[in-house]
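Take a look at the structure below.
Any read-out appearing in this document is the output of simple, stated calculations on the displayed coordinates, not a laboratory observation. Note that the structure is predicted; figures quoted are calculated from it, not measured. With ideal geometry, Cβ positions are generated from the backbone for all residues, glycine too; neighbour counts draw on all protein chains shown.
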Amino acid sequence: MSLIIDCHGHYTTAPKQLEDWRNQQVAGIKDPAKMPKVADLKISDDELRESIANNQLRLMKERGNDMTLFSPRASFMAHHIGDFNVSSTWAAICNELCYRVSKLFPDNFVPVAMLPQSPGVDPKTCIPEMEKCIEEYGAVGINLNPDPSGGHWNSPPLTDRHWYPIYEKMVEYDVPAMIHVSTSCNACFHTTGAHYINADTTAFMQLIQGDLFKDFPQLRFIIPHGGGAVPYHWGRYRGLAQEMKKPLLDTHVMNNVYFDTCVYHQPGIDLLNKVIPVKNVLFASEMIGAVRGIDPQTGNYYDDTKRYIDASTQLSAEDKQAIFEGNTRRVYPRLDARLKSQGK
Ligand SMILES: [Zn+2]
């Protein structure tokens, strides 16, 4: 009786009113007379239900995925827009919608929180939203944007003390963070094709360069999109760590860092699983997300990543169970507790 848990899904199909409200909020930054009130956004439970049942939930059922850890649309976080108040109001709205979805579909969706980050603002300002989402909404993890500037990378590296207030809270609540950037406002970086993958790779290298997990041995990060370029270049990262006189990656970072399976072809998934230990791989698809089409070579959706795990000839049945369920329950203890309370 095992579960298929997708640890990486966003509410990309929210009713149009959400985007309209955000556009008005952005207009209100320049012209305060246009700034909308939170109460101006009206989305009914039926609209939420419809936006999920016809999209994510339909595809989950078709593919055999039981549950998705569900966070606000990543590209819409756009932390670079406006100031902290703009981000704070926007994050609260987006997190509440994911919470409402999780109440409407308690067996299928579990909330993960976005943070009200803002460039140049102390990350500790994110703590009240984080606490609310975990304590009141049942969020089991957070998304942490290592580059709230949207492609200009002017925040300190993730190993800097700048970020420690967030890490202290993560340890206190025993929640992991998915390292996840938002939309790129730098024309050189396509949002999902370059900025996301660059950020995944960048975050991993920052963790090699620092000694963060000496200070926070319990801290856990998920690096999405299969870890960016990392598994493919594993030899480079092992070699760089060696030259920097760092411990072996197994002990230096791999007790704390996990990669998801948002890799959209069989050879990529096979490489991930050949290079990265099974204990560090969590099932995910990021559906409905960046790549929504059907692969003409296979006739299946690119992001139907369960097929690639199912088809893997190198993973045992136990390995697959760990990737689909066991690892995620271990990395997200609050999810595990919630599932146990549901008798799962
Ligand atoms: Zn994502």
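Taking the Cβ-Cβ separation of Ala337 and Cys188 as r and a Förster radius of 41 Å, what is the calculated FRET efficiency to the nearest 0.05?
Details: r = 43 Å, r/R0 = 1.05.
Once rounded, the FRET efficiency stands at 0.45.
What FRET efficiency, computed as 1/(1 + (r/R0)^6) with R0 = 30 Å and r the Cβ-Cβ distance, is obtained for Thr251 and Ser316, rounded to the nearest 0.05? Write down the numbers at each step before the final one.
On the way: r = 25 Å, r/R0 = 0.83.
Plugging the Cβ-Cβ distance into 1/(1 + (r/R0)^6) gives 0.75.
Over the chain, what lengths in whole Å, largest first, do the semi-axes of the equivalent ellipsoid take, defined as the square roots of 5 times the eigenvalues of the alpha-carbon gyration tensor? Numbers along the way, then the final one.
Working: eigenvalues 169, 124, 74 Å².
Calculated on Cα positions only, the semi-axes equal 29, 25, 19 Å.
All other residues with a Cβ under 14 Å from the Cβ of Pro146 taken together, and with Lys, Arg as +1 and Asp, Glu as -1, what is their net charge? Mind dumping the intermediate values first?
Working: positive: none; negative: Asp147, Asp160, Asp200.
Cβ neighbours under 14 Å give a net charge of -3.
At a threshold of 8 angstrom on Cα-Cα distance, excluding pairs fewer than six apart, so keeping six or more, what relative contact order does region 47-179 reach in percent? Please list the in-between numbers first.
Values: 189 pairs, mean separation 30.2, N = 133.
So the answer I get is 23 percent.
Roughly how far apart, in whole Å, are the Cα centres of region 1-79 and region 324-341?
About 24 Å separates the Cα centre of region 1-79 from the one of region 324-341.
Can you give the FRET efficiency to the nearest 0.05 for Arg236 and Ser44, using r as the Cβ-Cβ distance and R₀ = 56 Å?
FRET efficiency, Arg236 to Ser44: 0.65.
If you count, for each residue, the other Cβ atoms within 10 Å and average over each peptide, how do 188-194, 293-299, 175-181, 97-103 line up from highest to lowest?
Details: 188-194: 15.0, 293-299: 10.3, 175-181: 25.7, 97-103: 21.4.
Answer by packing, highest mean first, reads 175-181, 97-103, 188-194, 293-299.
Using a 10 Å cut-off on Cβ atoms, rank the peptides 215-222, 337-344 from the highest mean neighbour count down.
Values: 215-222: 18.0, 337-344: 12.1.
Put in order of decreasing packing, that is 215-222, 337-344.
Indicate the gyration tensor shape class of region 231-344 (rounded, prolate or oblate), computed on the Cα atoms with a ≥ b ≥ c the square roots of the eigenvalues: a/c under 1.5 is rounded; otherwise a/b larger than b/c is prolate and the rest oblate.
Values: a/c = 2.03, a/b = 1.16, b/c = 1.75.
Cα axes put region 231-344 in the oblate bin.
Just add up the charged neighbours of Leu57: K/R +1, D/E -1, any other residue whose Cβ is under 12 Å from the Cβ of Leu57.
Values: positive: Arg49, Arg58, Lys61, Arg63; negative: Asp6, Glu50, Glu62, Asp66, Asp107.
Charge balance near Leu57 sits at -1.
Once phi is turned into θ = phi - 60°, what whole-Hz ³J(HN,Hα) does the Karplus curve with 6.51, -1.76 and 1.60 give for every residue of region 246-255, x standing for Gly and Pro?
Whole-Hz 3J(HN,Hα) from phi for region 246-255: 8, x, 4, 4, 3, 9, 5, 9, 7, 8.
Ratio of region 241-283's C-alpha Rg to 2.2 N^0.38 Å, to two decimals? Walk me through the numbers before you get to the answer.
On the way: Rg = 12.1 Å, N = 43, 2.2 N^0.38 = 9.2 Å.
My calculation over the Cα atoms of region 241-283 gives 1.32.
Rounded to two decimal places and with Rh computed the Kirkwood way over Cα pairs, what is Rg over Rh for region 81-178? Walk me through the intermediate numbers first.
Numbers: Rg = 13.4 Å, Rh = 13.8 Å.
Ratio value, two decimals: 0.97.
Once you put a point 7 Å from the Cα of Trp153 and another 7 Å from the Cα of Val26, both along the Cβ direction, what distance in nm separates them?
It is 2.5 nm.
Label Gln17 and Arg161 with points 7 Å out from Cα along Cα→Cβ: what is the distance between them in nm?
Distance between the two pseudo-spin positions: 4.7 nm.
Considering only Ala203, Ala91, Ala317, give the residue with the highest GNM mean-square fluctuation for the chain, with springs between Cα atoms whenever their separation is below 10 Å.
Looking only at Ala203, Ala91, Ala317, the biggest GNM fluctuation is shown by Ala317.
Once Rh is set to the Kirkwood radius over Cα pairs, what Stokes-Einstein translational diffusion coefficient, in µm²/s, holds for region 268-334 at a temperature of 10 °C and a viscosity of 1.306 mPa s? Mind showing how you got there, number by number?
Values: Rh = 12.8 Å.
Rounded to a whole number, D works out at 124 µm²/s.
Among Gln242, Gln56, Gln206, whose mean-square fluctuation peaks in a Gaussian network model of the chain (Cα, cutoff 10 Å)?
Gln242
Compute the relative contact order of the chain as a whole-number percentage, counting only Cα pairs closer than 8 Å that sit 6 or more residues apart in sequence.
Values: 604 pairs, mean separation 58.7, N = 344.
Dividing the mean separation by the residue count of the chain yields 17 percent.
Tell me the label-point distance for the pair Ala33, Ala53, using the 7 Å Cα-to-Cβ offset, in nm and rounded to one decimal.
About 4.3 nm separates the two model spin labels.
GNM on the chain, C-alpha springs below 10 Å: top fluctuator among Ser285, Ser44, Ser184?
Ser44
Around Gln209, what is the net charge, scoring Lys/Arg as +1 and Asp/Glu as -1 over all other residues with Cβ under 11 Å from its Cβ? Write out the running numbers ahead of the final one.
Numbers: positive: Lys246; negative: Asp160, Asp211.
With Lys, Arg at +1 and Asp, Glu at -1, the net is -1.
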